[in-house]
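Participant: Got a structure for you, written out below as structure tokens; questions coming shortly.
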């Protein structure tokens with residue numbers, strides 16, 4: 001079966017930076033619903049179109065094709081008393097910002113005295129990446145997967 005609209009694709013993958021440093025070893029396979037459902041970056045989906053199991057590809061992603069450019073406006077300094085005593089650098093939390101309906105993920109990048117620096121950029125924002133993968137399986141999506149817009153596990157429906 002070839003990869004096309006409304007197929008479920010399973011990939012064995014590895015992500016590196018342009019210098020070959022590993023970003024994601026891909027220890028677990030990646031399975032997504034193909035055809036514009038946002039389960040994988042569009043550039044990768046375009047490269048996989050029409051391929052079948054056993055095909056290997058490598059896609060070089062610029063920041064705009066992956067996690068976007070780094071936006072300094074998404075870095076803020078907040079008063080320490082807004083956070084629980086247990087926070088540490090590297091912790092992440094979600095919050096909605098003014099005028100936004102979607103919650104964004106923020107990472108605590110520094111704690112200094114009574115100030116906490118939080119960053120709304122994805123940790124890989126601004127980074128070019130190399131996505132190498134091999135297609136291990138292609139199957140037709142179920143009606144339930146198409147209705148929900150994403151793949152369901154081997155046991156069927158899962159909670160959202």
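The values are calculated or read from the model by the stated rules, or taken from the named source; none is laboratory data. It should be emphasised that the depicted structure is a prediction, and the values quoted were computed from it without experimental measurement. All Cβ positions, glycine included, derive from the backbone under ideal geometry; neighbour counts span all protein chains shown.
Participant: In segment 1-40, which strands (runs of 3 or more DSSP E) lie fully inside it and hold 2 or more residues that are touching a residue at least 40 places away in the same chain (Cβ under 8 Å) and more than 14 Å from the chain's Cα centre (by Cα)?
Facilitator: Of the strands (runs of 3 or more DSSP E) lying wholly inside segment 1-40, those with at least 2 residues that are touching a residue at least 40 places away in the same chain (Cβ under 8 Å) and more than 14 Å from the chain's Cα centre (by Cα) span 7-16.
Participant: While we're on this one: Looking at segment 50-61, can you tell me whether even one residue there is in contact (Cβ under 8 Å) with a residue 24 or more places away in the chain and within 14 Å of the chain's Cα centre (by Cα)?
Facilitator: yes
Yes or no, residue by residue, for (1) part of a strand (DSSP E or B); (2) modelled with pLDDT of 95 or more; (3) touching a helix residue (DSSP H, G or I) at 6+ places or on another chain (Cβ under 7 Å); (4) surrounded by 15 or more Cβ atoms within 10 Å (Cβ to Cβ):
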{"residue": "86", "(1), (2), (3), (4)": "no, no, no, no"}
{"residue": "93", "(1), (2), (3), (4)": "yes, no, no, no"}
{"residue": "99", "(1), (2), (3), (4)": "no, no, no, no"}
{"residue": "133", "(1), (2), (3), (4)": "yes, yes, no, yes"}
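Participant: Please tell me if residue 76 is in contact (Cβ under 8 Å) with a residue 12 or more places away in the chain, touching a strand residue (DSSP E or B) at 6+ places or on another chain (Cβ under 7 Å) and closer than 24 Å to residue 141 by Cα.
Facilitator: Criteria not met by residue 76.
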